[in-house]
Amino acid sequence: MAAIAANAEEGVDRCQIYNFIRDFTPMPVGSIEAVVSCAAKTAVDLGAALGCIVVFSELGFRANLASKYRPAVPIVVVTSLDHVARHTNTAYGQYAFKIPEPADPETETYWTARALLFALEHNLCHPGAKVVIIGGGAGATNTLNSIP
């Protein structure tokens, strides 16, 4: 069954899916959705060169928006809340990386490195792949970074 599902996913036109979802999203969108849709578009544009998307999401909102656009790469959700980590099992392409306390701008770099190790250990990303990071917690600006 897994082989059938994997085979079916190969025939999906990711660009068409992204454009379809984006066309039917009410405009204007908020800043969070704008950043997340850029990450999904980056996944479409880079294709196999992109390894995964890392999303810092305490309440799961950013992660769910990332799933909305159906990126072809895994979404590693960095959160400190148990219920958000459990919810990743029900959302498209999400994998939970639980941290002991909410990330802040000073610890985000540390947790990004740990999340990337998690992605490598679980075969969600291959070594040397580009990674998109969506960050910005409470009181911070939503950011989109790419690591070559």
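Readers should treat all values here as calculations from the given coordinates under stated rules, not as data from a laboratory. Predicted model, so just to flag it, every value in this text is computed and none were measured. Ideal geometry is used to build each Cβ from the backbone, glycine not excepted, and the neighbour counts take in all protein chains shown.
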key: Disulfide-incompatible cysteines by the Cβ rule (no partner under 4.7 Å) in the chain   = CYS15, CYS38
message = So for the chain, averaging the separation of alpha carbon pairs under 8 Å that are six or more residues apart and normalising by length, what relative contact order in percent results?
response = 23 percent
ask   = Put a dot 7 Å past each Cα toward the Cβ at ALA49 and THR25; how far apart are the dots in nm?
value = 2.2 nm
request  = Using label points projected 7 Å from each Cα along Cα→Cβ, tell me how many nm separate ALA3 and LYS130, to one decimal.
outcome  = 3.4 nm
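If you stretched the chain out fully between LEU59 and ASN123, how much longer would it get, using 0.36 nm times the residue separation minus the C-alpha to C-alpha distance?
20.5 nm
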